[in-house]
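The values are calculated or read from the model by the stated rules, or taken from the named source; none is laboratory data. This is a predicted model, so every value here is computed, not measured. Please note: Cβ atoms are built from the backbone with ideal geometry, for glycine as well, and neighbour counts cover all protein chains shown. Quick note on the areas: whole protein, heavy atoms, side chains included, nothing else; ligands and nucleic acids left out. Shrake-Rupley method; radii C 1.70, N 1.55, O 1.52, S 1.80 Å.
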Amino acid sequence: MKISNKIVEKHGLKIEEYESIKKLLNRQPNLLELGIFSAMWNEHCSYKSSRIHLRKLPTKGKQVIQGPGENAGVIDIGDNDAIVFKIESHNHPSYIEPYQGAATGVGGILRDVFTMGARPIALLNSIHFGSPDHTKTKSLLNGVVSGIGGYGNCIGIPTVGGETKFNETYNENILVNAMAVGHANKDKIFYSKAKGLNKSVVYVGSKTGRDGIHGASMASAEFDENSEEKKPTVQVGDPFTEKLLMEACLELMKDNSIISIQDMGAAGLTSSSVEMASKGGLGIELELDKVPCREENMTPYEMMLSESQERMLIILEDGKEHNAKKIFDKWDLDFVVIGKTTNTNKLTLKFNNKIQGEIPIEALASKAPIYDRKWIKKKPQKKEINLKDLKKIKIEDALIKILSNPNHSNKSWITNQYDQSVMCDTALKSGSDAAIIRIHNKDKAIAVTVDSSAYYCKSYPLTGGKQIVCENWRNLISVGAKPLAITNCLNFGNPENEEIMGEFVECLTGIKQACEFLDYPVVSGNVSFYNGTNKKNIYPTPVIGGVGLIKKITKPLDHNFKKNNSNLILIGKTFGHLEQSCFLRENYSINDGLPPEINLKNEKNNGEIVLKLIEEDLILSSHDVSDGGLITALAEMSIVSKYGVKIQKPKKLTNLFKYFFGEDQARYILEIEAINLPKIEKVLKNNDVYYENIGFTQKDYFEIEGELKISNKDLFKINNEWYNNF
């Protein structure tokens, strides 16, 4: 069959890339080989536009066992315990078919974790939708939430944290990022690197169908008006089969049978076999007649590119096949030896006793294109908002506008659809700064959280990148956890657009700077480009998933006020930065100016001292101050407890709106008992931490001296109004 330019472009390859393929092969590829190149060379699998920049991220640390390059990152939490975690995107599939797109996103990230030998213990998500009044938003939201809950609940893994945000930038391209966290023994981590010659290559799990063919290629292209026609490229998940696969794999991992193991994720059998061979410097030969298929007359092309779910590829030690098969038979799963490792350094594909395709492994992996794309540096739009020029508004009305907004309203109607307590180790559910998961049968725990800040990143990507890492850091500190490492999901528009590529590069630089200063390495992640429709790109939306350690957990620390007449301390200095704030956005529809400055020294110092106070059991409750400023953070603490606050007016900063709604960083609210105040103040002063005594807790009312007084019941009602009218 002659490969035309039209066929090449249909496979998501550029003509110049096709010419490179011909040079690497010294011939024209056949259709099967072209399909394999299209899968391995697309943006989703090859990271061809991002790889040179991703190398700049800090990925090492004494706590890091495995950084980027494997199925998931691994960190050491002591006592031979390791935490395995990663976040990935399933944006395009979820827009086309929200339930299955979101469900298979959860399934895929779970496989990334248990492939490493870890039992999954928590799921999180970051989901972004268009404007609430957009015609598609409600159905997309319902479908995605149902898909996340349906898969996680059925497989029995608690979904403990996340975020749901709305912005018209996602009207035609929603974001669905799924994060999974697992626990493993430090000395029992499994990797995907193939080793040894003539070792059995084994297919396990579900049968292969025609669902998901070209799924990875679809995820590496912009949408257009025909996006609905791409439904056949969306995978279909089965959480009950995934549960069986997980248990079978973990059982097999108890002995020394496995040399390497790889999830069949994006690009299916193609990517799993190529990645294993590439990492091991070996070849791999597959007999495609032996691939278990659930549909008749499937071709080698369809088998290699199918993204059917719940499948794994395993390379076994000699003589271990029989016992391994017994395990998978017990769990009622396919187990078939479909090939072997070779010394050819080639991917060799046989069907009907004939070689149907043969490609050098390096041509698919190390020699995939790497682009140093042109990019434009963002020019700072310095514009300070003069409040005197704006229509006057009461502080109470401004707060109500924020609390009743979709982005700040109560999201329990979403999280209640997720089982957060299954496995019985969830110590703190979603709703606080971070969730807390106890390490089974031990008195230590991990805290997990995900965060994003698209407005800041769009305004000035460098600062936005730094800010979102710092907010993630503060969220872990606020529940008493020492931040250890992050995973990231970098959601951006078309990288061929110089402005978009600039947003990516500068956000990544900001992330790098913050991670280096905070000793908060990046151990895994995902890049999702081409998030846009008809040349209209989304805002840059890097999502950060963080993991922290609580060495000894007695009672979980959350942001619920605990006692009446407690002292309230604000950690960190308030300058009153309102540009890019929630206050201006929700009350005046203004998105001008730069994000607040990030002082990494203050972030680290303030955070470490707050953590020290928490570890010494001197704090009743704590909450970081971010989106919406001080008043919003105080309101959030009041809404979830039976206590309100009585806050005095500031003595130094005269503009109350700047003081209460400013989004200056490196700040925390601490609730403390009066008896502990002298000791805490001494620690803060000795460590150069700026603080203010801002008021007290009180029963039933949220009050700012001389400005507003609202009952807690009314605050709760305001915070729940939006969903009731959605």
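For segment 456-599, what relative contact order do you get, as a whole percent, if you take Cα pairs closer than 8 Å and at least 6 residues apart? Show your work: numbers first, answer last.
Values: 221 pairs, mean separation 48.9, N = 144.
In percent, rounded to a whole number, it is 34.
Quick one: pull the percent of accessible area on the chain belonging to carbon and sulfur, 1.4 Å probe, ligands and nucleic acids left out.
47 percent
Could you run the Karplus curve 6.51 cos²θ - 1.76 cosθ + 1.60 with θ = phi - 60° over segment 356-366 and give me ³J(HN,Hα) per residue in whole Hz, x for Gly and Pro?
Ordered by residue, 3J(HN,Hα) equals 9, x, 8, 9, x, 4, 5, 5, 8, 10, 5 Hz.
Kindly flag which residue pairs out of Lys186/Lys320; Lys551/Lys679; Lys165/Lys207; Lys444/Lys682 have an alpha-carbon separation exceeding 32 Å in this structure.
Distance filter (> 32 Å) returns Lys165/Lys207.
Over all directions, how big on average is the projection of the convex hull of the alpha-carbon atoms in the chain, in square nanometres? Don't skip to the end; give the middle numbers.
On the way: hull surface 119.5 nm².
Averaging across all directions leaves 29.9 nm² for the Cα convex hull.
Hey, can you rank 388-396, 630-638 by average C-beta count inside 10 Å, highest first?
Packing order, densest peptide first, comes out as 630-638, 388-396.
Cα axis of helix 321-330 to longest principal axis of the chain: angle in degrees, 0 to 90, nearest 10?
Once rounded, one gets 60 degrees.
Suppose the chain between Glu705 and Tyr371 were pulled fully straight at 0.36 nm per residue; how much longer would it get relative to their current alpha carbon spacing?
Details: separation 334, 0.36 × 334 = 120.24 nm, distance 5.79 nm.
Result for the pair: 114.4 nm of gain on full extension.
In degrees, nearest 10, range 0 to 90: what is the angle between the Cα axis of helix 15-25 and the longest Cα principal axis of the chain?
So the inclination is approximately 50 degrees.
From the phi angles alone, apply the Karplus equation (6.51, -1.76, 1.60; θ = phi - 60°) to segment 297-309 and give each ³J(HN,Hα) in whole Hz, x where the residue is Gly or Pro.
6, 6, 8, x, 4, 5, 5, 6, 9, 4, 10, 3, 8
Considering only C-alpha atoms, what is the centroid distance from segment 244-264 to segment 95-152, in Å?
Centre-to-centre distance over Cα atoms comes out at 25 Å.
Name the shape class, rounded, prolate or oblate, that the alpha-carbon gyration tensor gives for segment 302-350, where a ≥ b ≥ c are the square roots of its eigenvalues, rounded holds for a/c under 1.5, and otherwise prolate holds if a/b is larger than b/c and oblate otherwise. All intermediate terms of the calculation are to be shown ahead of the outcome.
Values: a/c = 2.98, a/b = 1.22, b/c = 2.44.
It comes out oblate by the Cα gyration axes.
5 Å is the cut-off here: which amide hydrogens, built 1.01 Å from N in the peptide plane, fall below it relative to Phe702, excluding neighbours closer than 5 in sequence?
For Phe702, whose amide H was placed from the backbone, the distant partners under 5 Å are Val645, Ile710, Ser711, Asn712.
Report, in degrees rounded to the nearest 10, the 0 to 90 angle that the Cα long axis of helix 600-615 makes with the longest principal axis of the chain.
Tilt relative to the chain: about 80 degrees.
What percent does the relative contact order of segment 306-457 come to when contacts are Cα pairs within less than 8 Å and at least six residues apart?
It rounds to 7 percent for segment 306-457.
Could you tell me which residue out of Val236, Leu684, Asn410 lies farthest along the dipole of the chain toward its positive end? Charges go on the beta carbon: Lys and Arg +1, Asp and Glu -1, centred on the Cα centre.
Leu684
Just the accessible area per residue of the chain, please: how many Å² with a 1.4 Å probe? Working shown, then result.
Numbers: 27790 Å² over 726 residues.
Value for the chain: 38 Å² per residue.
Could you run the Karplus curve 6.51 cos²θ - 1.76 cosθ + 1.60 with θ = phi - 60° over segment 27-44 and give me ³J(HN,Hα) per residue in whole Hz, x for Gly and Pro?
Values per residue, Gly and Pro as x: 5, 7, x, 7, 5, 4, 5, 4, x, 5, 4, 4, 6, 7, 9, 6, 4, 5 Hz.
Taking the simple approach of a point 7 Å from Cα along Cα-to-Cβ for both His440 and Leu677, what is their distance in nm?
4.7 nm
Please give the peptides 576-582, 327-333 ranked by average Cβ packing (other Cβ atoms within 10 Å per residue), highest first, as a rough proxy for protection. Could the numbers behind the result be given before it?
Numbers: 576-582: 22.9, 327-333: 16.9.
Most protected by this proxy first, the peptides run 576-582, 327-333.
If you average the sequence gap of Cα pairs under 8 Å that are 6 or more apart and divide by the length of segment 1-100, what percent do you get for the contact order?
Once normalised by length, the contact order is 13 percent.
What is the calculated FRET efficiency for Glu19 to Val236, with r their C-beta to C-beta distance and R₀ = 45 Å, to the nearest 0.05?
0.80
Cα to Cα, under 26 Å, and not fewer than 8 places away if on the same chain: which lysines meet these conditions relative to Lys642?
Here the lysines satisfying the reach criterion relative to Lys642 are Lys394, Lys401, Lys411, Lys429, Lys555, Lys562, Lys563, Lys699, Lys709, Lys713, Lys717.
If you count the DSSP beta bridges with both ends in the chain, what percent of them are antiparallel, to the nearest 5?
80 percent
For segment 11-86 and segment 157-185, compute the distance between their C-alpha centroids and round to whole Å.
The distance from the Cα centre of segment 11-86 to that of segment 157-185 comes to 22 Å.
Cβ neighbours within 10 Å, averaged per peptide: list 595-608, 114-127 in order, most packed at the top.
114-127, 595-608
Search the structure for amide H atoms under 5 Å from the amide H of Leu316, placed 1.01 Å from N in the peptide plane, and list their residues when 5 or more places away or on another chain.
It is Ser200, Val202, Ile259, by chain and number.
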